[in-house]
Amino acid sequence: MIALQSRANGELSHRINNSLEAALVSFGSGLIVITIIALFNPKIKAGITKLRSSVREKQLPKWNLFAGVLGGSFVALQTQVVPLIGVAIYSVASIAGQTAISLFVDRMGLSGGAKKLISKKRLAAAFITVAAVLLSVWDRLSVTSFSILAVLLSGLAGALVGVQRAMNGRINIFSAQSFTTSLLNFIMGTSTLLVFLVIKSLFHGRGLVALPHGPWWLYTGGTIGVIYIAFSSTIVQHLGVLTFTLFSVGGTLLGSLLIDIFAPTNGTHVTWYLVSGILLTYLGVLTGGESRIFKR
């Protein structure tokens, strides 16, 4: 789903030549979709009521409700960093940040699930996954586009996603409704991106760009995000953030491979680096996966 969302958002960003506005359109459309669903779904409304009660009774700290701010900040960082170092280096640094922080949030039990020790097996799985992403983009790495600050910001962006997933898992415990968690994320994320876009417009003096009329799939990024956040907030409670991240990276690379085969962008081609990276990613999944997952 992330691969499909990236394809849609990337194409929209390319057509309007304004990545931050494209991100806001994606978040905003997702917010519209989940709001309409919430108006006619009593379970989502019940989830909102449960969250209010949990915060009022101090069972859920208020700061957990701002998980969507991390998602909006991630997109804002992504749109600024990728033009500086390229997608390949960004992908490696971002995944490194995600896997590293996942080890720590699982150790802290931030997602609301059982605390997980930072074992040698989990460390090995994290390193294998980062190596897999590095291998998958090896042919696209460019030394000329290397910037230490941009790489560090990419790692920070990935870390924000890891913490966001954990916070969503905890929110989901109290809302007991994954689409309520998704609604909260899109409210916070859209608001964050709107603030960033206003600030950028003030400093650069550039207004909004007219959106293209089609094709329709350019505007599917928000809907995909609604479903993704709802699913992920439930999954991390059971698997933990690291295991979810390992599976997610593998799925993203596999999705990218299928898109490059059936709906490629100009200049893209499938390489053995990407195929080998996917295989290595699932080796990382097997290395770090808990035995009870595979017994089931």
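Key figures for this structure:
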quantity	calculated
Some residue of region 197-213 being crowded, with 17+ Cβ neighbours inside 10 Å and more than 15 Å from the chain's Cα centre (by Cα)	yes
Test: T79 is surrounded by fewer than 18 Cβ atoms within 10 Å (Cβ to Cβ) and farther than 23 Å from L135 by Cβ	no
Region 33-66, subset of a type in the set (A, V, I, L, M) and free of Cβ contacts under 8 Å to residues at least 12 places away in the same chain, residue farthest from S175 (Cα to Cα)	I36
Region 236-258, residues that are more than 17 Å from L160 (Cα to Cα), of a type in the set (A, V, I, L, M, F, W, C) and in contact (Cβ under 8 Å) with a residue 24 or more places away in the chain	L239, F247, L253, L254, L258
Any hit, region 106-123, residues being closer than 12 Å to A150 by Cβ, in contact (Cβ under 8 Å) with a residue 40 or more places away in the chain and either of a type in the set (F, W, Y) or not in a helix (DSSP H, G or I) (or both)	no
I171 being surrounded by fewer than 21 Cβ atoms within 10 Å (Cβ to Cβ) and assigned to a helix (DSSP H, G or I)	no
The listed residue being surrounded by 15 or more Cβ atoms within 10 Å (Cβ to Cβ), in contact with a helix residue (DSSP H, G or I) (Cβ under 6 Å, 6 or more places away or on another chain), among the β-branched types (V, I, T) and within 24 Å of V241 (Cα to Cα), out of I95, I118, I85, I89	I95
Region 214-250, residues that are within 20 Å of L12 (Cβ to Cβ), over 15 Å from the mean Cα position of the chain (by Cα) and among the small types (G, A, S)	G214
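No lab work stands behind these numbers, since they all come straight from the coordinates. Quick caveat: nothing in here was measured; it's all calculated off a predicted structure. Please note: Cβ atoms are built from the backbone with ideal geometry, for glycine as well, and neighbour counts cover all protein chains shown.
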